[in-house]
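Scroll down for the structure; my scribbles are underneath it.
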Amino acid sequence: MKLDIGGKELIAAPLDKVWISLNDPGFLSRCIPGCREMHELAPDKYAVCMDLKVASVGGSFAGQIVLSNKTAQQACRIAVSGTGTLGHGAGEARFTLEPAENGTLLAYEGTGEIGGLVAGVGQRVLRGVSKHLVGKFFKSVRTELEGPQLSA
């Protein structure tokens, strides 16, 4: 089953800080939903272990994240692959950064392929789950980079 993702996010932090953070495995492990462990295998190549729940079924996954085609403080390609108790998946995305009036504008687009038991929940459900996970990731990124937001 194929999924497409894309969007733009405004992060209220300087571009250089966003770039450094998105290339830091410690930062990423705190922001990736369900990430239990992430360690470097080689420069820009990481092993990752995650616990995720899709619809009413949960499971663990092990895989890799590879960062490539970097243009410092501008763009990066991310490839992700993994297998687990619910099936297997692979995908790639590209993000770009540009300065914005109130911080940094991050634009992203990507595709993924999912197979196995997890694909049986249906494309509509998986699309919703992927949007939810991306939303959780960017919420964590904002919390890490912007600090806790004050309630009005």
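The values are calculated or read from the model by the stated rules, or taken from the named source; none is laboratory data. Keep in mind that what you see is a predicted model, and the values were worked out from it rather than measured. In this analysis, Cβ positions are derived from the backbone assuming ideal geometry, glycine residues included, and neighbour counts consider all displayed protein chains.
What the table below lists for this structure:
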item	result
Test set (1) out of contact with any Phe, Trp or Tyr (no Cβ under 6 Å at 6 or more places or on another chain); (2) touching a residue at least 12 places away in the same chain (Cβ under 8 Å); (3) surrounded by fewer than 18 Cβ atoms within 10 Å (Cβ to Cβ) - residue 28 fails condition number	(3)
Residue check, residue 34 out of contact with any helix residue (DSSP H, G or I) (no Cβ under 7 Å at 6 or more places or on another chain), over 23 Å from residue 7 (Cβ atoms) and modelled with pLDDT under 95	no
Residue check for residue 100: more than 27 Å from residue 16 (Cβ to Cβ), surrounded by fewer than 17 Cβ atoms within 10 Å (Cβ to Cβ) and among the small types (Gly, Ala, Ser)	no
Filter pass, residue 47 being of a type outside the set (Asp, Glu), at pLDDT 95 or above and in contact with a His (Cβ under 6 Å, 6 or more places away or on another chain)	yes
Set 106, 126, 86: member being at pLDDT 95 or above and surrounded by 17 or more Cβ atoms within 10 Å (Cβ to Cβ)	106
Qualifying residue in segment 53-63 (condition: buried (at least 17 other Cβ atoms within 10 Å of the Cβ), aromatic (Phe, Trp, Tyr) and in contact with a Cys (Cβ under 8 Å, 6 or more places away or on another chain))	yes
Wholly enclosed strands (runs of 3 or more DSSP E) of segment 39-110 bearing at least 3 residues small (Gly, Ala, Ser)	57-71, 75-84, 87-100
Close pairs (9 angstrom Cβ cut-off, 6 or more residues apart or separate chains): touching a residue at least 24 places away in the same chain (Cβ under 8 Å) and at positive phi in segment 93-105, assigned to a strand (DSSP E or B) and small (Gly, Ala, Ser) anywhere	none
Qualifying residue in segment 2-25 (condition: among the aromatic types (Phe, Trp, Tyr) and either in a strand (DSSP E or B) or surrounded by fewer than 17 Cβ atoms within 10 Å (Cβ to Cβ) (or both))	no
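For (1) within 23 Å of residue 24 (Cβ to Cβ); (2) out of contact with any Gly (no Cβ under 8 Å at 6 or more places or on another chain), each residue gets a yes or a no:
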{"position": "77", "(1), (2)": "yes, yes"}
{"position": "81", "(1), (2)": "yes, no"}
{"position": "94", "(1), (2)": "yes, no"}
{"position": "100", "(1), (2)": "yes, yes"}
{"position": "113", "(1), (2)": "no, no"}
{"position": "116", "(1), (2)": "no, no"}
{"position": "128", "(1), (2)": "no, yes"}
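Residue-by-condition table, conditions (1) under 24 Å from residue 143 (Cβ atoms); (2) touching a residue at least 12 places away in the same chain (Cβ under 8 Å); (3) not polar (S, T, N, Q):
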site	(1), (2), (3)
21	yes, yes, no
24	yes, no, yes
42	no, no, yes
60	no, yes, no
67	yes, yes, yes
72	no, yes, yes
85	no, yes, no
